[in-house]
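These notes concern the structure reproduced below.
The values are calculated or read from the model by the stated rules, or taken from the named source; none is laboratory data. Note that the structure is a prediction, hence the values are computed from the model and not measured. Neighbour counts run over all protein chains shown; Cβ positions are idealised from the backbone, glycine included. The accessibility values were calculated without ligands, DNA or RNA, using every heavy atom of the protein model including side chains. Shrake-Rupley method; radii C 1.70, N 1.55, O 1.52, S 1.80 Å.
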Amino acid sequence: MRVSLGRVSAALLCVACSGTNVSVDGGTGGAGGSSATGGGSSGTGGGSAAFRPDSICPARGVCSELPFPTVQHLYGVHAASASEVWAVGESGTIVLFDGTRFIGVPRATPKRLIHVGVSPTYVWALGFDGALLRSRRDARPPEFEALDSGVVANQLVSFYASDDSHVWVGTDSGDILFWNGSGFTTQLQNAGYHVSLSGLSATRIWAVGSRTPDYHAWQFDGTTWHPRGVLSTLVGGPHAAVHAFADDDVWSNSFNGDLFHFDGGGWTNSGQNIYPVTGVTGFGGVVYYANGTSAQRLVNGTLSPLTLPPGVGWTGVSGSADAGLWAVGQQGSWAHGTPPALEAATPWQNTDGLAVIAGAGDEVVALGTRGLVRDAQGAWRPAPNPSRVPTDLVAFSETDRWAASAAGLARSDGGAWELVPTNVLPRALRGLAPNDLYVGGSNDAGIAAIAHWNGSSFTDESIDVTDAGPVVHFSGPAGNVWAITEKRSVLQRTPSGWVQRRAATSLGSQYAHVLVLGPNDVMAFFALATEHERWDGTSWSKLPRTPFGGPLEVTTTRAGAPLVASTDGIFVYRDGAWVGGGPSVDDVAEGAAGTFALGRGNGAVYRVDVEQLGR
């Protein structure tokens, strides 16, 4: 993707939200809770000193802007109080909401975390491959340490703690582990696949799991686990989910999602069904279930749907009378409120479809199947979007934006987009000034074509190439603009017109990009890490192998260093080497106040601290 980014907002650390007011501070990337399985512009901007190295980031120097506070999927949540809500998710993500702001936690494991709970002193996070982490609840920022659960290949999926030295953990293979304050032992084997736990005290704990050929319930009396009946003779299916209000008031699910109630004497099918179950919690006599797409509540034995923000899947629930009900889900989504209606606790939780990003003045614009704009205060709001997903975007100001797409060249004054007739089927844009815009692509015959806008009309530029495919990228300042075509022909705009500096090949490449670093210093990027080249004013030579393959966008930092967005992450050329990494990104734009990037395939917006890349 190609962008042109001017000055953007310096308000980088806080995201202004409608509804809940939150800010961000900190890191990367008990009973209750829930679990689940689960235009190549030569930019003038630079790295931002406003970032903290431990902010909520999937990689050092790459931090979530949208969705907020993280783009990682969240699977488990535990609301200990209104001022202590924990969530865990993909790639070791842990986030704390302290009542006013989200606090990210330095990543202590790369493994997926799927459940979180608390004991009086500690917060515990559990997940894949036996991952078990613990931190003091009062530590700010939280500092998680890894504990040896003795489990290697299995998932840790459920948790109950009556105090710091009486902790029970359920595994997906059906074992129940016990922590005595110094280590783990296996207290019960084969309690049932994906065993779920719920406790009232150290002598009143319930467990339910699928044990061939039945769904079994168990109760712990402080010494021994006792069988407490069979819920269903069917096995497999959704994960077990049990919640106990009292010894004679326990709810659980069976293979096909039927909900059963234990009244002290035996289990009774309630006639209610939710399938599958990915998270469960309960308070005030009401049980709340998440099923991966939505959530429901069970009141007096009857299920009814909860109202949740649309557009994402919901995998975990937790709550209390004090904290209210919380739900977490895909793309780092959070919802909170008083049932039956929950509202988004963070802004713009679903950004799927964003494809290009650019900026002008104090705003940043992101477009795709939807449109968003970020104002000078850091708040995002909906923005008009072209009729087709753009391949390139230039924003000279809030009232002068241009977009190239399969529908043609479109222009917006801040309102609706209107098509602008040209003889070019546009693929790439290079905006130097409101009266100096290049549009590249092809003509109706598929031959490379470029048109120039002088502020009032377009003029077709002469290009003496017929076998190079469409123009796909531009770079360079006024007086030294370069272009590259799909078939790797590189062109330079000279006072006498466009001159071919590199001949076309038979190989087409969606990754073809050109980057102008100086009058006689130009880089050309192609599909493979071993193919990239550099022009010294006379000839081309191979660049050393790069840690990325074909880039999806290239620009420069404020200091003039190359900056690349790729499926392998974000990279900057520093001290003679490419450094960086992080999530796959489609686009990157460098501006006077900072750098923004778009996640590949998920539309996530990241803030990038260029100085921290590769540190």
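Quick look at the numbers
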read-out: Residues satisfying the stated conditions in segment 574-608, i.e. β-branched (Val, Ile, Thr) and within 18 Å of the chain's Cα centre (by Cα); value: VAL585, VAL588, THR595, VAL605, VAL608
read-out: Residue in segment 386-397 that is part of a loop (DSSP other than H, G, I, E, B), modelled with pLDDT of 90 or more, surrounded by 18 or more Cβ atoms within 10 Å (Cβ to Cβ) and of a type in the set (S, T, N, Q) present; value: yes
read-out: Qualifying residue in segment 272-280 (condition: more than 20 Å from VAL77 (Cβ to Cβ), in contact with a Ser or Thr (Cβ under 6 Å, 6 or more places away or on another chain), at pLDDT 90 or above and surrounded by fewer than 16 Cβ atoms within 10 Å (Cβ to Cβ)); value: no
read-out: Residue count for segment 503-517, restricted to those that are surrounded by fewer than 20 Cβ atoms within 10 Å (Cβ to Cβ) and either β-branched (Val, Ile, Thr) or at pLDDT 95 or above (or both); value: 2
read-out: Residue count, segment 467-507 (criterion: within 20 Å of THR391 (Cβ to Cβ) and of a type in the set (Lys, Arg)); value: 2
read-out: Given (1) over 19 Å from SER333 (Cα atoms); (2) crowded, with 24+ Cβ neighbours inside 10 Å; (3) modelled with pLDDT of 80 or more, index of the condition LEU74 fails; value: (1)
read-out: From the options ALA125, ALA87, ALA80, residue that is outside any loop (DSSP other than H, G, I, E, B), surrounded by fewer than 24 Cβ atoms within 10 Å (Cβ to Cβ) and either at pLDDT 95 or above or among the charged types (D, E, K, R) (or both); value: ALA80
read-out: Criterion: hydroxyl-bearing (Ser, Thr, Tyr) and at pLDDT below 90 - qualifying residue of SER304, SER232; value: SER232
read-out: Segment 92-109, subset at pLDDT below 90 and not hydrophobic (A, V, I, L, M, F, W, C), residue least open to solvent (accessible area, probe 1.4 Å); value: GLY104
read-out: Test: residue in segment 400-420 that is among the polar types (S, T, N, Q), at pLDDT 90 or above and out of contact with any Pro (no Cβ under 7 Å at 6 or more places or on another chain); value: no
read-out: Qualifying residues in segment 533-567 (those that are open to solvent by less than 60 Å² (accessible area, probe 1.4 Å) and polar (S, T, N, Q)) - the one farthest from VAL585 (Cα to Cα); value: SER539
